[in-house]
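The values are calculated or read from the model by the stated rules, or taken from the named source; none is laboratory data. Since we're looking at a predicted model, the values are computed, not measured. Neighbour counts run over all protein chains shown; Cβ positions are idealised from the backbone, glycine included. The accessibility values were calculated without ligands, DNA or RNA, using every heavy atom of the protein model including side chains. Shrake-Rupley method; radii C 1.70, N 1.55, O 1.52, S 1.80 Å.
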Amino acid sequence: MAVAIIRILNNSPTMKFIIGDVLIIIFILFITRLPQSFSTTEAIQPSLTRLDSKRSSPSVQESAAKAVLGRLLPTHLHSFHFKIVSKDVCGGQGCFLIENYDGPTENGPEILIKGTTAVEIASGLHWYIKYFCGAHVSWDKTGGVQLASVPKPGSLPLVKDGGVLIQRPVPWNYYQNVVTSSYSYVWWDWERWEKEIDWMALQGINLPLAFSGQEAIWQKVFMGFNISMEDLNDFFGGPAFLAWARMGNLHTWGGPLSKNWLKQQLVLQKKILSRMVELGMTPVLPSFSGNVPAALKTIFPTANITRLGDWNTVDGDPHWCCTYLLNPSDPLFVEIGEAFIKLQIKGLCSYRSVNDTFNENSPPTNDTIYISSLGAAVYKAMSNGDKDAVWLMQGWLFYSDSTFWKPPQMKALLHSVPVGKMIVLDLFADVKPIWATSSQFYGTPYVWCLLHNFGGNIEMYGTLDAISSGPVDARISKNSTMVGVGMCMEGIEQNPVVYELMSEMAFRKEKVQVLEWLKTYIHRRYGKSVQQIKEAWAILYHTVYNCTDGIADHNIDFIVKFPDWDPSINFGSRPSKLNSMHTFRSRTRSRRFSFQERSSDLPQAHLWYSTHEVVSALKLFLAAGNDLAGSLTYRYDLVDLTRQVLSKLANQVYLDAINAFRRKDVKALNIHSQKFIQLIKDIDVLLASDDNFLLGTWLESAKLLAENPSEMRQYEWNARTQVTMWFDTTPTNQSKLHDYANKFWSGLLEGYYLPRASSYFSYLSKSLEKNESFKLVEWRKQWISFSNKWQAGLELYPVKAQGNFLTIAKALFDKYLS
C-alpha cells in the first residue's frame, strides 16, 4: 500500500537535473477538477499540453525508440522509420500511427511509425509486429519473444487503407506495485532493467514507479538531522525487505545495508530514470511518509513521534516491529520532507511518490475531522517543498481496511487536499473495484488497476473477462473520473496472457472479445496455428483464466503453503465461496477424486474451476508437442500447465492423507502421504526442465550483486528467506508470513518443501503407530530448526535446465492422469 505525489516544481511543469553529461527533463502531470459538464480528460488537458511541450526533444525520443528496435529486432533496424508528432495529428490524444513508408525502400525503411512520444512509437512497433507479422513479446522468464514469424527485411507486410491510427482513450498507463521492487526487481542489474524498460515501452507504459536507490538519499537526509549510520542500520531493512521497511512495517530485518549497496543502487536508479525519460515516460519517485528512525525521538524529544503497532511478527519482537511515525502536523515533518525532496531533486528528479502513512494500519481514530487534518498536513508537507504537487495515492487501504474506511472517512481523506491535487490508484479494480461503490472516489481522478498477483507466486490464474471489459465500463460510466489504466501486481514474470491483454487495454476504446483475441494471441505466441492448442486455450479461457469468485488468488496450494496444524482438531470454521465438486481423474483409483470432502474443518486451497476440464486441456497441449517442441513459449506454458494440474492433484492427495489420519488408518495414511511426497519430487523434476523455474537463478542473481563474501552471504540469506519463512520465528512458531512469497521452483521443492512434508507426515504416522496424540510442537521445533539452517545455507542449485520437458510432462501425465 502506498501513496504518491506528482509534482510540478518552481511554477514549471518540468524539472531539470544532470546525470553525467546528460541533461534530463522530468515531466509532471497536473490535474484540475472542473464541473462535471467537462470530462476528466478535458479537465487535465491544459496541464497535459504543458507537459507535452517540455518532453525530451523529438530527436532524443526517436533515437530512444530506435534503440528499443535495435535491441528487439537488430536485423530490422533500417526497416522502420520513427517520427514524433504532436497530439494535433491524433485528435488531441496520445496515439500512434502505422503507415507505409513513402519513399525509396531499397535497403531502407518500409514502415513508418509515428507517435506522440517514444513510448507511443514503441507501442506502435509492438502493435505492428503483433498484428501484421504474428510476433509475440513476453518476459524472458515466461518464454521470451517469438519473432520467427517476422518476414525478412524488404518483405514486411504493408498496411492498407492509409494506415492504422490507435489513440489512447485515457492519458496514463501506470505500472508496478511498491512491493514489486522487492519481490521481482531486488537483484536486477542494469542489463535486466534495460530489458524491462524496453518491455514497458512496447506495452505502452508511460507512468512507471521508480523506487530504486532511495536509501542513499535517506541516509544523507537523516544524517543531516544527527542520525548516525548505526541508527540507520536499525532503520533500513535488508535488500529483499526494503519495500516493507520503506512503508514502516518493519525495521532491521535482513539488514544492514552496506555502503556498496547504497552506492550501487543509486547509480542504477540514475540509469533507470535517464532511460525512462528518454522514452517519454513519467517516472514516479518516493517522498516522505513520516516513517523515521527510532533515534529521532531521542534527538527531538518534543517532536510528535509515536510508535506503531506490531505488523506480523510472531510475538511483537521490538527488534523487528513497531516502527516510529512522525505526525504530519509536526513542523519537523515538513522540514524532513523538504530536505528529502530538495536532495532528491539535486540527485535525481522532481516526480515523486510517497509511502502511505497507514499501510495496513488504521489511523488512531475514525473521526473525520482528524482524518481530514491528517491528509491536509501530509499535503502541506508536499506543497511546502513544491506548491504544484499532486498526490497519487495507491488505494489499497480502501479494500484491505474497508471496515475502517467507510464513506465519511474516505471523503475526509480524499477531500482533504485542494481540488485537483490527488489521483487514486484503484488497485484491485479487476476483482474489487472501489470506483463503483464510492461515486467515482467522490469526484477524485483515479486509475483503473489490475492487481492479480500476490507475493510473486506462480499460479495460472486470471480474470480475462473482467480485464477486457472493466476499464471500458469504468471509463464510460456516468460522471467517470478515470484518467488511466495500470498494472499493480506484487510480482511479475508469470501469466503472460494476462499482462498482454491488460497492456492492450491502454489503447482499447471498446471491450475486447476475449475468445477471438485469444485465437490471435495463440498464433503469435507459438508462431503457428495448431488445432489442439486452440482447443486447449478455449478450455483455459473459461476455467483457469476466468475466475469470478471474488477471492484474491494468493497461491496456497499445500505443496508450497503447507498447513501448520493438528489434524486431530478442526482447522477452523471459515466460509468458502469455492465450488466443492471440482474433480480430478486418477490413474490409481477408478472413481473420480472430488473436492466434496473439503469442509470448514479442513484446510482449503483456492480452486475456482473444473480440474477435470483443465486435465483435458493439458492432454491437448501434450498432443501438440510434435508441432511445437522447439518453441520456448510452448515449453514454458506446458511446464506451467502440468505443474498447475499436478499441484491441484496434490491438494486432494493431502486431504486424503489427513482423512486417513482421522480414521486412524495407518496404511492409507502412508499410501497417500508417500504419493504427496512423490508428487513433490516429480514436479521438481518437471520444473528443472525449464530454466525459468529454477531456484538457482534467483540465488545466483542475489550473489552477483555482492562485492565481498560477507555481502554474498547476507544477500543469499535475504533471497532464501523471502521465498520461504519471510519473517521472524520462535523455536516453536513459524513466521506469520511463512510461504507468503512461495514459488514453484525446482530446487525449492526438493530442498525445502519436500523435507517439510516428509517430517510432518512422519510425525502423523508415528502418532498413529504409538497411539499418541500428534506432537505438533515437536514437529514445529524440528521444522523451524531445519528452515533456519536452510535459510543460512550455501549449497548450490542448478541454473541451467535439465531433461526433456516434453518427455517428462508426458510421463507424468501417464503416471498420474491417464
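Being open to solvent by less than 60 Å² (accessible area, probe 1.4 Å) and either assigned by the TED database to the domain that holds Arg663 or not aliphatic (A, V, I, L, M) (or both) narrows it down to one of Thr807, Thr730, so name that one. Within the list Thr807, Thr730, the selection yields Thr730.
Inspect the stretch 657-668 for any residue being without any contact (Cβ under 8 Å) to a residue 24 or more places away in the chain, open to solvent by less than 10 Å² (accessible area, probe 1.4 Å) and either at negative phi or not in a helix (DSSP H, G or I) (or both) and give the result as yes or no. Yes, the stretch 657-668 contains at least one residue that is without any contact (Cβ under 8 Å) to a residue 24 or more places away in the chain, open to solvent by less than 10 Å² (accessible area, probe 1.4 Å) and either at negative phi or not in a helix (DSSP H, G or I) (or both).
May I ask you to list the residues in the stretch 613-631 that are outside any loop (DSSP other than H, G, I, E, B) and within 10 Å of Tyr526 (Cβ to Cβ)?
To start, the set of residues in the stretch 613-631 that are outside any loop (DSSP other than H, G, I, E, B) comprises 613-623, 625-628.
Asp627, Leu628 - these are the residues of the stretch 613-631 that are outside any loop (DSSP other than H, G, I, E, B) and within 10 Å of Tyr526 (Cβ to Cβ).
Candidates Lys534, Lys511, Lys519, Lys528: the one that is more than 22 Å from the chain's Cα centre (by Cα), within 23 Å of Ile434 (Cβ to Cβ) and not polar (S, T, N, Q) is Lys511. Scanning the stretch 770-804 for residues that are of a type in the set (A, V, I, L, M) and surrounded by 15 or more Cβ atoms within 10 Å (Cβ to Cβ) yields Leu776, Ile784, Val799, Ala801.
When the residues of the stretch 250-276 are filtered to those that are among the hydrophobic types (A, V, I, L, M, F, W, C) and either under 14 Å from Trp193 (Cα atoms) or without any contact (Cβ under 8 Å) to a residue 40 or more places away in the chain (or both), the one that is most open to solvent (accessible area, probe 1.4 Å) is Val267.
Give the residue, chosen from Leu464, Leu413, Leu425, that is in contact (Cβ under 8 Å) with a residue 40 or more places away in the chain and out of contact with any helix residue (DSSP H, G or I) (no Cβ under 8 Å at 6 or more places or on another chain).
Values: Leu464 fails: out of contact with any helix residue (DSSP H, G or I) (no Cβ under 8 Å at 6 or more places or on another chain); Leu413 fails: out of contact with any helix residue (DSSP H, G or I) (no Cβ under 8 Å at 6 or more places or on another chain).
Checking each option against the conditions leaves just Leu425.
For the stretch 760-769, taking the residues that are polar (S, T, N, Q) and open to solvent by less than 20 Å² (accessible area, probe 1.4 Å), the one that is nearest to Ala650 (Cα to Cα) is identified as Ser765.
Within the stretch 504-525, the set of residues being open to solvent by 10 Å² or more (accessible area, probe 1.4 Å), touching a residue at least 24 places away in the same chain (Cβ under 8 Å) and not hydrophobic (A, V, I, L, M, F, W, C) comprises Arg508, Lys509, Glu510, Lys511, Gln513, Thr520, His523. The one condition from (1) more than 26 Å from Tyr740 (Cβ to Cβ); (2) surrounded by fewer than 20 Cβ atoms within 10 Å (Cβ to Cβ) that Gly309 does not meet is (1).
Of the listed requirements (1) of a type in the set (Val, Ile, Thr); (2) surrounded by 21 or more Cβ atoms within 10 Å (Cβ to Cβ); (3) within 30 Å of Val560 (Cα to Cα), Thr481 misses just one: (3).
If the requirement is being outside any helix (DSSP H, G or I) and either closer than 25 Å to Trp311 by Cα or touching a Phe, Trp or Tyr at 6+ places or on another chain (Cβ under 9 Å) (or both), which of these qualifies: Phe774, Phe761?
On the way: Phe761 fails: outside any helix (DSSP H, G or I).
Answer to the selection: Phe774.
Summed over the stretch 134-148, residues that are open to solvent by 10 Å² or more (accessible area, probe 1.4 Å), of a type outside the set (D, E, K, R) and outside any loop (DSSP other than H, G, I, E, B) total 1.
Need at least 1 residues that are open to solvent by less than 20 Å² (accessible area, probe 1.4 Å) and over 19 Å from Gln265 (Cβ atoms) per element, so show me which helices (runs of 4 or more DSSP H) inside the stretch 173-237 make the cut, counting only ones lying wholly within it.
Details: elements: 180-183, 190-202, 214-223, 229-235.
It comes to 190-202.
Does Val645 satisfy being free of Cβ contacts under 8 Å to residues at least 40 places away in the same chain, farther than 30 Å from His251 by Cβ and assigned to a helix (DSSP H, G or I)? Give the derivation first.
Values: free of Cβ contacts under 8 Å to residues at least 40 places away in the same chain: no; farther than 30 Å from His251 by Cβ: yes; assigned to a helix (DSSP H, G or I): yes.
Spelling it out, it is not the case that Val645 is free of Cβ contacts under 8 Å to residues at least 40 places away in the same chain, farther than 30 Å from His251 by Cβ and assigned to a helix (DSSP H, G or I).
Taking the criterion of being over 17 Å from Arg508 (Cα atoms) and under 13 Å from the mean Cα position of the chain (by Cα), the residues of the stretch 460-491 that qualify are Cys488, Met489, Glu490, Gly491.
This table checks each residue for (1) aromatic (Phe, Trp, Tyr); (2) in contact (Cβ under 8 Å) with a residue 12 or more places away in the chain; (3) within 30 Å of Tyr636 (Cα to Cα); (4) not assigned by the TED database to the domain that holds Gly491.
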residue: Trp717; (1), (2), (3), (4): yes, yes, yes, yes
residue: His738; (1), (2), (3), (4): no, yes, yes, yes
residue: Ser746; (1), (2), (3), (4): no, yes, yes, yes
residue: Phe761; (1), (2), (3), (4): yes, yes, no, yes
residue: Lys781; (1), (2), (3), (4): no, yes, no, yes
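Glu750 meets the stated requirement of being in the same structural domain as Lys667 (by the TED database), touching a residue at least 40 places away in the same chain (Cβ under 8 Å), surrounded by 19 or more Cβ atoms within 10 Å (Cβ to Cβ) and under 23 Å from Tyr654 (Cβ atoms).
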